[in-house]
Amino acid sequence: MLNRIHHAAVICSNYETSRRFYTETLGLRVVAENYRAERASYKLDLALPDGSRIELFSFPHAPERPSYPEACGLRHLAFAVEDIDACKRHLEQCGIEVEPVRVDEYTKRRFTFFADPDGLPLELYEVDS
């Protein structure tokens, strides 16, 4: 029944900071940007090259996401990359702290974690081209 993940939705605390992070730092393409006055909220639709999307929302006074210790719910958002070392260097050059690259004990794939401006855990997962 299910074909693929269409999008993931992210709520941010500072719209301009998160918009810059997802578009300029991560390079996602803006599909649509709408301000919803009745909610005092932005909705930014972003696309990855394969067509999958992230919806970035801003809501006034959204509570912080519990991350550490990890809480029940969505654990992290992972991005497939072909060259994890180049991606890690790029993020670090942008001033983003990236964990050391590790190897998944089951798949033998390389991966690492970093966070968005609100501390949302994001993963880079190396795949074959």
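The values are calculated or read from the model by the stated rules, or taken from the named source; none is laboratory data. Just so we're clear, the structure is a prediction, and the values are computed from it rather than from any experiment. Positions of Cβ are generated from backbone atoms using ideal geometry, with glycine treated the same way; all protein chains shown enter the neighbour counts.
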**Q.** Residues located in the range 115-129, provided they are of a type outside the set (A, V, I, L, M) and free of Cβ contacts under 8 Å to residues at least 60 places away in the same chain
**A.** G119, P121, E123, Y125, E126, D128, S129
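Would you say S41 is hydroxyl-bearing (S, T, Y) and under 23 Å from L91 (Cβ atoms)?
Numbers: hydroxyl-bearing (S, T, Y): yes; under 23 Å from L91 (Cβ atoms): no.
No; evaluated as a whole, the condition is false for this residue.
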Q | Checking G95 against (1) in the same structural domain as D128 (by TED's automatic domain parsing); (2) within 25 Å of V127 (Cβ to Cβ); (3) among the small types (G, A, S), the condition it does not meet | A | (2)
